[in-house]
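Report on the following structure.
Bear in mind that the values in this text are calculations on the coordinates, not laboratory data. Bear in mind that the values here come from a model prediction, so they are computed numbers and not experimental data. Glycine also receives a Cβ, built like all others from the backbone with ideal geometry; neighbour counts cover every protein chain displayed.
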Amino acid sequence: MWPNWMRVLTVGAFFSGVGLGPLNSQDLPLVGPPVPSALEKIFAADQVIHPVVAKLPAPEFVDEIVSIPMAISSRSSLASRHVLQGLACIQAAWDFEAYRHFCKAVKEDPDCLMAYWGIGLSLASPNNEFSRQRQIALNRMIELVDATTEINGKALPIASVMEQRYALALTELFALRGNARDAFKKLSEYYPNNLQAKCLAIYLQRDGFDDYGPKPRQEAAMRQMESVVNENPDNVGVLSFWAMLHAEAPEATTKLREQILPLVRKVARKAPNFPPYQHLLGHFEWRCGNHLLAEIALSRASELYAEHMRKHMLSVYECDGWIRSQLYLATVMYSRGGFDEAMAIAGNLSGLKVDVARLGSTGANLLVWEAATLPARLYLVRGQRGDIEKAIACLPEKDSPFLKEVKGRTLSVFYLECLMRYLECRKELEAGNVDAAHRERMALDKILLRMKRLRDQAMKRSSISEYVRAVGALEVYAAEVRGLIALARAATDSQRKIARSWLKTAVEKQRRPSLLMPPVVLSPMEVRLAEFHAGARNFDQAAESYQAAIRRRPNDLVSLVGYRDSLIRIGRKDEAEEVGKIISAVKK
């Protein structure tokens, strides 16, 4: 659910198909004489509007989310309003809706530079199905940087100097030459009162978290944004930037619960009918262990997205937010004990037919990578007798018509094959066939290695985010299954230590939540390590591992139950009773 431009920076992708060529910022004069080009002579606004968007009704205005003002140069006040609405949608990570508003703006005013700037930003993912429209929009934006128009006999710039600098900063972002951060920082320094530039500049310097907390640039960004929040405590856009900076923090710390969550709740209250902010609220409620509140917020987000789809004649390919909210809702339901409810959502999502012609869309990527595997992943994490076989049955088989259609067109085929090998390995282990499990594990490693070697190719796909998430999950599964096989073969303490080492590796390979999405691996690997210790009757260590699982995912029901039972085993009955109360509250 992160904006396209931030997804691109997160994975370090290179935009080979943007069409900017060898252009450098020094090649773009801020103001210059009107020099008509071939593109300008033949340009028509419809060229940046994809046929999918062209046939849709006009997008609606949601005034309460437009909170960061900016002067937009345009001969049409309606075009300016659409640009501001589009910018607000980008801040909320609703990229397709932002694109619709920018398209409407260029229809109203084909010379509105910021409308093309917005199209470039809202369609930033590499090789998406709208990449041609993005390329044309960016080229048009560059033309307008030094374009003029005659007013009262004088040749005046079409765009303000500030807008021209916005355009130059965007070219740096797309070139990914390492100075995109500097470009927006300079933009903010030129215009210290421009809140949009300030927030972008701060946000772009982030470098994420490690196991010990924020990295240096991340910490600086958080400190600077906190100052902006203090100056603008009720600004929805500023608060959403602030929340995004904390969305991937390592654990649901006190700061998240006491400082960030209240502000996210404020955002949701200010725009109660805006689905992205309900989804944002659900993410933070879940990360803080408030599972019921997360379920309420994500249910609301799903309902609002569904209503929006009906009203605006959108399919799931144009409303990936609905898929995201449903994926998250299923995860939240499972985490508080609602397996059947979660499976009902998963079954509905996985049953949606994917149009091969729309594989470049974000919605299709989510269906193929995330939704198609969700039922299997739910069966896997529940782990009851027969669930592995059910999980295997949920995945498409090799001769599936769908796999035949998409083979060679999507890397998700490798992901599905890896999952199948992993599940077959688990199946053989359950049957006591350790040697057969080892062979399946080796097959998994080979396919995963091949998939990882295709990273450069994946960087140029619209599904790069899903690819990164999938590879991260498979690395966890591969380490886990090595540990399980080693444990099945263990006859000595040294062999058990090898098994424990691999399970610890699985714990370490887990990645933090990203893109406001639920984790691919639905249960913390600390639970697997706790089960290992419990099997060796080391219940003190089991309790510690369950505690670590709870720190990773607060109030996860399986972790809570395991922790309570371990406390009982080591005689800490009073503490076990307190945990039991939390379990009862989570189940409500």
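Using r as the Cβ-Cβ distance of Lys55 and Asn348, and R0 as 30 Å, what FRET efficiency do you calculate, to the nearest 0.05?
Working: r = 26 Å, r/R0 = 0.88.
Computed FRET efficiency for Lys55 and Asn348 comes out at 0.70.
Please list 3J(HN,Hα) in residue order for region 458-473, calculated via the Karplus relation 6.51 cos²θ - 1.76 cosθ + 1.60 where θ = phi - 60°; whole Hz, with x for glycine and proline.
3J(HN,Hα) across region 458-473, in whole Hz: 5, 4, 9, 9, 6, 9, 4, 4, 5, 4, 4, 5, 5, 4, x, 5.
Which ³J(HN,Hα) values, rounded to whole Hz and listed in residue order, are derived for region 494-506 from phi using the Karplus coefficients 6.51, -1.76 and 1.60 in 6.51 cos²θ - 1.76 cosθ + 1.60 with θ = phi - 60°, glycine and proline given as x?
Per-residue couplings from phi come out as 5, 5, 5, 5, 5, 4, 4, 4, 5, 5, 5, 4, 4 Hz.
Mind checking the dipole of the chain: about its Cα centre, +1 per Lys or Arg Cβ, -1 per Asp or Glu Cβ, Debye to the nearest 20?
1020
Give me the percent relative contact order of region 529-588, please, defined on Cα pairs under 8 angstrom at least 6 residues apart.
Reported as a whole number, the value is 28 percent.
Report the extension gain between Asp445 and Leu78 in nm, rounded to one decimal, defined as 0.36 nm multiplied by the number of residues separating them, less their alpha carbon distance.
On the way: separation 367, 0.36 × 367 = 132.12 nm, distance 5.58 nm.
The span from Asp445 to Leu78 would gain 126.5 nm if fully extended.
Mind sorting His291, His312 by how few other Cβ atoms lie within 10 Å of their own Cβ, fewest first?
Final ranking by Cβ density, sparse to dense: His312, His291.
Full-extension gain between Lys311 and Asp46, please, as 0.36 nm times their residue separation minus the C-alpha to C-alpha distance.
Separation in residues times 0.36 nm, less the Cα-Cα distance, equals 93.1 nm.
Work from the charge dipole of the chain (Cβ charges, +1 for Lys and Arg, -1 for Asp and Glu, about the Cα centre) and give the residue of Ser335, Ile72, Ile388 farthest towards its positive end.
Going by the Cα projections, it comes out as Ile388.
Please give, to one decimal in nm, the separation of the simple spin-label points placed at Arg489 and Val161, each 7 Å out from Cα toward the Cβ.
Inter-label distance under the simple model: 7.1 nm.
How do Ile151, Ile485 line up, fewest other C-beta atoms within 10 Å first?
Fewest to most other Cβ atoms nearby, the residues stand as Ile151, Ile485.
What distance in nm separates the two pseudo spin-label positions at Glu231 and Ser400, each 7 Å out from Cα along the beta-carbon direction?
Placing both labels 7 Å along Cα→Cβ, they lie 5.2 nm apart.
For region 63-149, divide the Cα radius of gyration by the Kirkwood radius and give the resulting Rg/Rh value with two decimals.
My calculation of the ratio gives 0.95.
Provide the FRET efficiency to the nearest 0.05 for the Arg269-Lys497 pair, computing r from the beta carbons and using R0 = 51 Å.
0.45
Under unit Cβ charges (Lys, Arg +1; Asp, Glu -1), what dipole magnitude, rounded to 20 debye, does region 113-158 have relative to its Cα centre? Provide the component values of the computation, followed by the final result.
Working: 4 positive and 4 negative charges, 14 e Å.
Here region 113-158 has a charge dipole of around 60 debye.
Please list, or write none, the aspartates and glutamates whose alpha carbon is within less than 14 Å of the alpha carbon of Lys446, excluding same-chain residues fewer than 8 places away.
Those aspartates and glutamates meeting the cut-off are Glu417, Glu475.
If each DSSP helix of 4+ residues adds -39,500 (n - 2.57) and the sum is divided by the residues in the chain, what number results at 222 nm, nearest 500 deg cm²/dmol? Show your work: numbers first, answer last.
Numbers: 30 runs with 374 residues, N = 588.
Value at 222 nm, helices only: -20000 deg cm²/dmol.
Just the Cα atoms of the chain: what Rg and Dmax do they give in Å?
Using the Cα atoms of the chain, the pair Rg, Dmax is 25.3, 92 Å.
Report the one residue of Val579, Asn348, Gly562 whose Cα lies farthest in the direction of the positive end of the charge dipole of the chain (charges on C-beta: Lys and Arg +1, Asp and Glu -1; origin at the Cα centre).
So the residue we want is Gly562.
Going by amide H atoms built from the backbone, whose H comes under 5 Å of the H on Phe209, apart from near neighbours?
Sorted by chain and number, the residues that satisfy this are Lys215.
Work out how much length Glu303 to Arg217 would gain on full extension: take 0.36 nm times their residue separation and subtract the Cα-Cα distance, in nm to one decimal.
27.2 nm
Among Gln85, Tyr422, Leu256, whose Cα projects farthest towards the positive end of the dipole of the chain, with charges put on the beta-carbon of Lys, Arg (+1) and Asp, Glu (-1)?
The listed residue farthest towards the positive side: Tyr422.
Pairs Lys215/Lys270; Lys266/Lys311; Lys452/Lys509: which are spaced more than 20 Å apart, C-alpha to C-alpha?
Lys215/Lys270; Lys266/Lys311
What distance in nm separates the two pseudo spin-label positions at Arg453 and Lys581, each 7 Å out from Cα along the beta-carbon direction?
For the pair Arg453/Lys581, the computed spacing is 5.8 nm.
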